[in-house]
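Notes to accompany the following structure.
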Amino acid sequence: MSDDASADQPGPRHAAIIMDGNGRWAKSRGRPRSFGHKRGVETVRRTVEDAGDLGVRYLTLFSFSTENWSRPADEVGALFELLKHYVEADLEGLAQRGVRIRIIGRRDNLGPDLVAIIDRAEARTCENTDFHLTIAFNYGGRDELRRASQAIARAAASGALDPDQLDETVLSGFLDTADLPDVDLMIRTSGEQRISNFLLWQAAYAELVFLEVLWPDFDRQDLARAIDTYRQRSRRYGGVDVGAA
């Protein structure tokens, strides 16, 4: 298998990554979990660049879940500060490279300073089209569907939406990812084999690739091999291969 995914094979257009293993990586080195999260941010920077080089146009990263609030307060605070630092430090460079930034997830329970940073990042890059970086922060797939259901119910009650016209396309328009394509490839690092409430609707037909590597050690070769694995699979969407018996 080549180190770089071959450019003559199709897709994936949209890759999503569950960035797992920061804490274990730090623990194995006798360091606090926050040290692992800091190193994980460096991996994010590399991966954004590598994904674009390898033909991915949409990259969604699972940064902080609605369930992560149960973690120790100091770790939660460190994760919040890392998002602020990443956006503030990298925003202008990403914008100049044609990257559009989206932050999906709940915002009603985030601090106003963080919401302001998120709003600024999205506004600064809203016209970019070369590469689409989405960060799922304070996000959960079930919570997203709950919020979408509430919005649909309000639209139907007000007469703005005819329930009989509600199909998959209309429902998708109420999700955080309304203007993004469905996920083609979902990667999880650290050896765990579950999707942990991530993009439940959008990943309905995604190819899943589980890697043993911990997130801080994830590199271009790992991404390229995951993409190669995706390209070797047959995506039938419930049908059969052409020519199959």
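For the stretch 90-111, name all the residues that are more than 17 Å from residue 80 (Cα to Cα), in a loop (DSSP other than H, G, I, E, B) and of a type in the set (D, E, K, R).
Residue satisfying the conditions is 97 alone.
If you take the residues of the stretch 188-235 that are among the acidic types (Asp, Glu) and free of Cβ contacts under 8 Å to residues at least 40 places away in the same chain, which of them is farthest from residue 22 (Cα to Cα)? Walk me through how you get there before you give the answer.
Restricting attention to the stretch 188-235, the residues satisfying the condition of being among the acidic types (Asp, Glu) are 192, 207, 212, 217, 219, 222, 228.
Within this subset, residues satisfying the condition of being free of Cβ contacts under 8 Å to residues at least 40 places away in the same chain are 212, 222.
Details: 212: 13, 222: 16 Å.
Among those that are among the acidic types (Asp, Glu) and free of Cβ contacts under 8 Å to residues at least 40 places away in the same chain, it is 222.
Restrict the check to the stretch 188-208 and report whether at least one residue is among the β-branched types (Val, Ile, Thr), in contact with a Ser or Thr (Cβ under 7 Å, 6 or more places away or on another chain) and surrounded by 13 or more Cβ atoms within 10 Å (Cβ to Cβ).
No, because not a single residue in the stretch 188-208 is among the β-branched types (Val, Ile, Thr), in contact with a Ser or Thr (Cβ under 7 Å, 6 or more places away or on another chain) and surrounded by 13 or more Cβ atoms within 10 Å (Cβ to Cβ).
Residue 167 - would you say it is of a type in the set (Asp, Glu), modelled with pLDDT of 95 or more and under 18 Å from the mean Cα position of the chain (by Cα)?
Working: of a type in the set (Asp, Glu): yes; modelled with pLDDT of 95 or more: yes; under 18 Å from the mean Cα position of the chain (by Cα): no.
Against the criterion (of a type in the set (Asp, Glu), modelled with pLDDT of 95 or more and under 18 Å from the mean Cα position of the chain (by Cα)), residue 167 does not qualify.
Could you tell me whether any residue of the stretch 66-83 is within 21 Å of residue 200 (Cβ to Cβ), among the charged types (D, E, K, R) and at pLDDT below 95?
Here is the first cut: in the stretch 66-83, the residues within 21 Å of residue 200 (Cβ to Cβ) are 66-70.
Within this subset, residues satisfying the condition of being among the charged types (D, E, K, R) are 67.
After this cut, where a residue has to be at pLDDT below 95 as well, the list is 67.
Looking for residues that are within 21 Å of residue 200 (Cβ to Cβ), among the charged types (D, E, K, R) and at pLDDT below 95, one finds at least one in the stretch 66-83, hence yes.
Out of the residues in the stretch 29-82 meeting the condition of being free of Cβ contacts under 8 Å to residues at least 40 places away in the same chain and outside any helix (DSSP H, G or I), tell me which one is surrounded by the fewest Cβ atoms within 10 Å (Cβ to Cβ).
Checking each candidate, the answer is 30.
Mind listing whichever residues of the stretch 176-225 are in contact with a helix residue (DSSP H, G or I) (Cβ under 9 Å, 6 or more places away or on another chain), closer than 20 Å to residue 103 by Cβ and of a type in the set (D, E, K, R)?
176, 182
The values are calculated or read from the model by the stated rules, or taken from the named source; none is laboratory data. This is a predicted model, so every value here is computed, not measured. Counting neighbours? That spans all protein chains shown, and the Cβs are built from the backbone with ideal geometry, glycine included.
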